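Okay, structure first, notes after.
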Amino acid sequence: MTKSAQPLVLVFAIASAFVWLTKAFAPDMIFNSPPAVFFSQIAGLNYLGNITPDREPLQGVIVCIHFPLVAFTWLAALSGKRDFHLAVAFIGMAFGLVSLVTCMVSPKYASGVLLSGAAPNFLFGLAIFVVGGFGVKDLLGSDDQATKGALKKEI
């Protein structure tokens with residue numbers, strides 16, 4: 001019996017939708033959140049503070065980029081398809097790792113907001129990966145039975 005990460009993906013979808021709505025309609029709540037302030041202080045990262053008029057266009061870009069990810073997470077949560085769950089896990093872990101590397105390598109792009117967003121995304125991604133019973137082979141696509149079956153039909 002295969003394990004299902006669907007309930008966890010649904011929780012992640014709800015959390016992601018809440019964060020997206022906050023970013024879209026009350027971004028200062030994100031930028032001044034306790035986790036953002038904590039990560040800024042503890043790691044010595046940039047503290048962004050309130051959204052200023054010169055940063056509003058960039059905030060709009062971030063909100064627009066974030067929406068398709070939230071929509072896909074909802075699609076995955078409602079579909080129950082393991083491949084979708086794996087994709088959500090990968091996106092969460094990749095965002096977390098890339099954000100951490102960005103904070104370490106490019107301090108001018110680093111901020112407490114970035115790190116405070118990266119941590120829960122990575123942890124949700126990892127939890128979905130583990131609960132779903134996925135392995136490294138799944139991430140690499142080397143153990144995909146559907147692909148193997150399709151290749152056999154073509155030959």
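The values are calculated or read from the model by the stated rules, or taken from the named source; none is laboratory data. On a predicted model such as this, the values are computed, not experimentally measured, just so you know. Note that each Cβ is placed from the backbone with ideal geometry, even for glycine, and that neighbours are counted across all protein chains shown. Keep in mind that these areas ignore ligands, DNA and RNA; they rest on the heavy atoms of the full protein, side chains included. Shrake-Rupley method; radii C 1.70, N 1.55, O 1.52, S 1.80 Å.
A few remarks follow.
- Loop-located trypsin sites (Lys or Arg not before Pro) in segment 49-143 whose Cβ has at most 15 other Cβ within 10 Å (DSSP): 81
- Compactness index (Cα Rg / 2.2 N^0.38 Å), segment 1-60: 1.50
- The Cα center of segment 68-98 and the Cα center of segment 1-36 differ in position by 12 Å.
- Seen against the Cα atoms of the chain and their longest principal axis, helix 34-43 is set at about 80 degrees.
- Restriction of the chymotrypsin sites (Phe, Trp or Tyr not before Pro) in segment 1-86 to DSSP coil positions whose beta-carbon has at most 15 other beta-carbons within 10 angstrom yields 47.
- A simple charge model with +1 on the Cβ of Lys and Arg, -1 on the Cβ of Asp and Glu and nothing else charged puts the dipole of segment 1-119 at about 320 debye relative to its Cα centre.
- Note on the chain: the alpha carbon radius of gyration divided by the globular reference 2.2 N^0.38 Å gives 1.19.
- Whole-percent carbon and sulfur share, accessible surface of the chain, 1.4 Å: 72 percent
- Helix-only CD estimate at 222 nm, as mean residue ellipticity for the chain, using -39500 (n - 2.57) per DSSP H run (n ≥ 4): -25000 deg cm²/dmol
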